[in-house]
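One structure below.
The values are calculated or read from the model by the stated rules, or taken from the named source; none is laboratory data. Predicted, not measured: the structure shown is a model, and the values here were computed from it. As a convention, Cβ positions derive from the backbone with ideal geometry for all residues, glycine included, and neighbour counts pool all protein chains shown. Please note that ligands, DNA and RNA were not included when accessible areas were found on the heavy atoms of the full protein model with its side chains. Shrake-Rupley method; radii C 1.70, N 1.55, O 1.52, S 1.80 Å.
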Amino acid sequence: MGEYAEQVFEQVRRIPRGKVATYGQVARLIGRPRTARYVGYALRANPAPGADAAATPCHRVVFKDGSLCRGFAFGGPEVQREMLEAEGVPFLEDGRIDLAACAWDPAAPEDAPGLPTAPPPDFDWARELGE
DNA sequence: AATGTGACCCTCT
DNA sequence: GAGAGGGCCACAT
């Protein structure tokens, strides 16, 4: 596996239970902004997505608008949604994830005191993270 | 070797 | 506000 993919997995494994990250966010974290697309490619190489989900929870990586990847992944978006809901990730009425409520903030790791860290809905947190 | 193609995101019309 | 295009990694032909 390439170094790029390894860094992708490394970051994805840091996403805590009940939180989600976006492809673009992961790309920034590994020092490769604007390669969000290839993050998806790297995750595609994840062996046995379902079984490996505990070690590499790629189901916690979603689109920037809070929607899930269409087509193949975990056996379908519905399965992915069930996995996320089982972790307490809130979904909106339109079927998208409430990113404002469960977006992962790498700057506020688990060992930090439990903070709300819920930015306003119009807060472009992804952009802030990259700059 | 060159080309095409993806689990995407941003910028510019 | 929507549509088009570019970015730029890994891997299969």
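Which helices (runs of 4 or more DSSP H) does segment A:1-97 wholly contain that include 2 or more residues that are more than 7 Å from DNA strand B (Cβ to nearest atom) and modelled with pLDDT of 85 or more?
Helices (runs of 4 or more DSSP H) meeting the threshold: A:3-12, A:23-29, A:77-86.
Residues of segment A:98-131 being open to solvent by 60 Å² or more (accessible area, probe 1.4 Å), among the small types (Gly, Ala, Ser) and modelled with pLDDT under 50, which ones?
A:Gly114, A:Ala118
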